[in-house]
1. Note down, for segment A:66-144, the three equivalent ellipsoid semi-axes (square root of 5 times each alpha carbon gyration tensor eigenvalue), biggest first, whole angstrom.
2. Using all C-alpha to C-alpha distances in segment B:435-585, build P(r) with 5 Å bins and read off the rounded percent in each one.
3. What residue among A:Gly58, A:Gly97, A:Gly82 shows peak mean-square fluctuation when chain A is described by a Gaussian network model with Cα springs under 10 Å?
4. Sum -39500 (n - 2.57) across every DSSP H segment of at least 4 residues in the protein assembly as shown, then divide by the residue count to get the 222 nm mean residue ellipticity, nearest 500.
5. List the residues whose amide H sits under 5 Å from the amide H of B:Ile365, counting only those 5 or more places along or on another chain, with H placed 1.01 Å from N in the peptide plane.
6. Could you tell me, in Å, what Rg and Dmax come out for the Cα atoms of segment A:45-90?
7. Could you tell me which residue out of A:Gln108, A:Gly37, A:Pro120 lies farthest along the dipole of segment A:9-133 toward its positive end? Charges go on the beta carbon: Lys and Arg +1, Asp and Glu -1, centred on the Cα centre.
8. Only sites in a loop by DSSP and with at most 13 other Cβ atoms within 10 Å count here; which GluC sites (Glu not before Pro) in segment B:174-259 make the cut?
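Every number here is computed from the coordinates shown, using simple stated rules; none is lab data. Bear in mind that the values here come from a model prediction, so they are computed numbers and not experimental data. Because the Cβ atoms are built from the backbone with ideal geometry, glycine has one as well, and the counts that use them run over all protein chains shown.
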Amino acid sequence: MTVALTPDTPASAGADSPVAELRGVSCHFTVRLPGRGKGTVHAVDDVDLAVARGTTLGLVGESGSGKSTLARVLLRLVPVTGGRVLLGGEDITDVKGARLRALRRRMQLVFQDPYSSFDPLATIGASVGEALVVHTELGRPERDRRVAELLDQVRLPASFARRHPRELSGGQLQRAAIARALATEPDLLALDEPLSSLDVATQVQMVELLSELQGRLGIAYLFISHDLNLVRALSDQVAVMYLGRIVEEGPVDPLFAGANHPYTQALLSASPTMDPARRRGRIVLEGDIPSPLDPPSGCRFRTRCRHAMEICATAEPAPDNINGLTVRCYLTHPKDPEPAV
Amino acid sequence: MSLTETELPGDDPQLLRRSWSDHGRLLKFLMRIGVAISLLWLVLVTVAAIFAPWIAPYDPNAQDLSNTYEGFSAAHWLGTDDLGRDVLSRLIYGSRISMQITFETVAIALVLALVIGLVAGFRGGRTDYLLMRGADAGLAFPPLVLALAVVAVLGSGVNDISLAFAIVFAPGFARFIRGQTLAIKEESFVEASTSIGTPPTRIVLSRILPNVLTGLAVGIAIALGAALLTSSGLSFLGLGPPPPAASWGSMLEEAYNTALFTHPWSLVPSGLVIALTVLAFNTLGDAMRDTVSGVTTKGRHRHTRTQRGITAVSRPAEAAWTSNGTEHEPASLLEVRGLCIEFDGEAGPVRVVDEASFDVARGQIVGLVGESGCGKTVSSLSILRLLTSPPAHIVGGSIRFDGRELLDADFNDLRRIRGREISMVFQDPLASLDPSFTIGNQLQEAMRLHEKLSRSAARARAVELLESVHIPDPARRLSAYPHQLSGGMRQRVMIAMALSSSPRLLIADEPTTALDVTIQAQIVELLRELRDEMDLAVLFVTHDLALISELSDEVAVMYAGEVVEQAPTTELFARPRHPYTAALLAASPGVRSSNGRPALLTGHVPQAGQLPTGCRFHPRCDFAEEACRSESLPLVAVSDGHLCRCRRAEELALPGVVSAGTPQIGAHAPGAS
């Protein structure tokens, strides 16, 4: 009801398949630990996720939960160590080199820190137009015209093409970053905490811009944020991530109205609110998220969960469908103590 | 929000705390003259080298044995040498060989090093390992010995010498370039290029190389000086270009061998030229380093006497204590009245905080809120006089802490207050902690600085402090280094450190902005607990209204350097009287207007120095009238304890936060009161 932005899906082939999909995807990497040999970081573990065409999937969780890595797995920017990555129904898990570079125009990324995501020496025009140089045969004048169009789409004056990143504010740079991502006319835009370095007022303007672009261009967003208010304002679907796993997932309104997983509930209740009525019964989580080097057995949230039971340490709970939400928790799934597959 | 914004003082405490002194400024001034002289000298030398045949008055090798060791004369400005050759002409011709070797050396070294460094840094892994071990082997030889060996193998022609030196210089350069490449590779703009689908070679050439070269400029200037010095040194040892060709080093050598005791003057011209040229290269290098690191100050400075380590105060004598009319908190711990702060800008002083007034009472949490660039951070830093002068100057008002006027305090007074009675916590705990010392070490040092404690007592107190901020297993955490702790833990350590001297006021500048909501909730709970149990007063600077509504007892809203509204928290959120406050409330993502989305607050905070006339908010205000555009207003009481700076405060009925499940913002309706 809040985001009524799902446009008509394009009537092209594969219209009903998700624009991007993860099937049992894992991303583990080996790190050297000083004095302790090697360790394996379980950044993303056995994740199933799909982003539908022209919609927004919000991905929330604390820092260290693997949200950014998950986006980079989906965009094939980091190695996939298990499972399949699909783009528009096509398996792209093993695509490499020039073919992968050609695929990249269909999926783009916007970063958290607007300042470090632009080459300080290049003009905004050069950065926004980089994809046009790489992927098209356009000549200089056509490129400049297209860059001006792209800047206009994000409400920046065309004259900004000649400026350098340091001459723009954070909000303006983040608009330019979106323009750069739109240059290849992607189907999917991964937005990695794009608003967290911005002011409240600027955030609101960006939310507005992103919704408008989605309505007009029919792009799908993977919107990563730890700010639940922003996720709520932008998303159709929300996935909650904890320590490399998705613990709860579903449409935005049921999830915000009646989350089932204790972690989702804690996240929701920790978010500051101006309304004193909503502050009652706040759940304050103890401690920090554990290290992904050595995740707890069974349900990974159990070490901070106030409902933790013996069974939680045994195996990861199987997904259940409750009120339209997919939940992995023994609280809502008490009758099945068998290890999930 | 344009060109000049980054140069003007914003809310970046890092920038504001960068320190320089009077002494440094003088040095910088000399430095600029030095740059001009250096450039002039190098141009002179280069022109001499290029046009030697036309400029030199004599053939450099023309001997006149009847006229050896002649002093200055009209015919020979710098005299003649042991064979009666004109010294000036030989110097001019000598600059050809010396400068050619210098520039060739650095150019060849740079090309070699760029290839090695870029490939090693970008490829990483085994390639990196092999290339760098090779470079290490090169670095392990003493440079002069290595150069001698290479010259012995290659011969001593000008190009051979350049190549020899280049081989000596390249490994050091290569290491530096590799380091830069590794660092730049981690920047997100490189990942951005990768995600666009740009091929790796293009990324290296168009993204990494230019950035590496910018960082290398300083190194190049210094290397030019070093190359000249080394080549002269080698010539002095007799391994320069064969005689009779003149180079500066060989001239020095000839003078040294033939006339050290009989005509010592003859060593001076060549020696001086070498020294001046090396000095010129180094001066340029230093100036470039300063420019790159942004230390150079732009704009005019006023000439007030400033004291190191504290913000300069130059307020009019009569502008001391004035009550702001409402004596609702007569005995506040911190009373800020009419605070005015200016920064030196390019076109003279710019006022960034104007007549700001607020109070913090004992055991009270006061929020200072507003968008970035509103002057909240500057105000909070000025309390302990932490802004550096120049560019900052406090030009008016009063800051009283427990009755003492902080603006009259000298450095020693402030040192006793800083960290002991008033502590600060900043947004980025990692930047405020020393990475090379353990948490325990830093905590105990902070304590022992202020009170005499034995080692064991300090340790016990440190454990106690970590416990008080709910750090689990505190005794073990004492031996942890900052990087081993999570962001939330680090911020707790910072708070523990700030609490170590049992301060009465804690100034917290966006302490939770970098943290997760779950951790933020923990810190908020902690601050509340400290307020209740230790009667701690807190000034909390943030742009997060939802957070401040939960935490604080009193809120001051700042806009464009002014406090525009101030009220008890519940009152402010329920009945905002200033349109800016109402707009901020409506724009908060947690609040939804009738269309389901937060309301837009359009436009930007005006930059200091470009403020609109009249009410500073009027260009963004939905309720602005004609009078708002011309006349500014003081902060006046609109009800008990509620101050507002708006001429329409009485007549507007601005919507506040309605408590009931989801907050709702009603329709804007200017109604009669």
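1. Values: eigenvalues 143, 65, 16 Å².
Working from the Cα gyration tensor, I get semi-axes of 27, 18, 9 Å.
2. Cα pair-distance distribution for segment B:435-585, in percent: 2, 9, 17, 18, 17, 13, 9, 7, 5, 3, 1, 0.
3. So, out of A:Gly58, A:Gly97, A:Gly82, the one fluctuating most is A:Gly97.
4. Working: 34 runs with 414 residues, N = 1014.
Counting only the DSSP helices, I get -12500 deg cm²/dmol.
5. For B:Ile365, the qualifying residues are B:Val538, B:Asp553, B:Glu554.
6. Every Cα atom of segment A:45-90 included, Rg and Dmax give 11.1, 31 Å.
7. Of the options given, the answer is A:Gly37.
8. Numbers: sites: B:Glu186, B:Glu187, B:Glu191, B:Glu253, B:Glu254; in loops: B:Glu186, B:Glu187.
Loop-located and lightly packed - B:Glu186.
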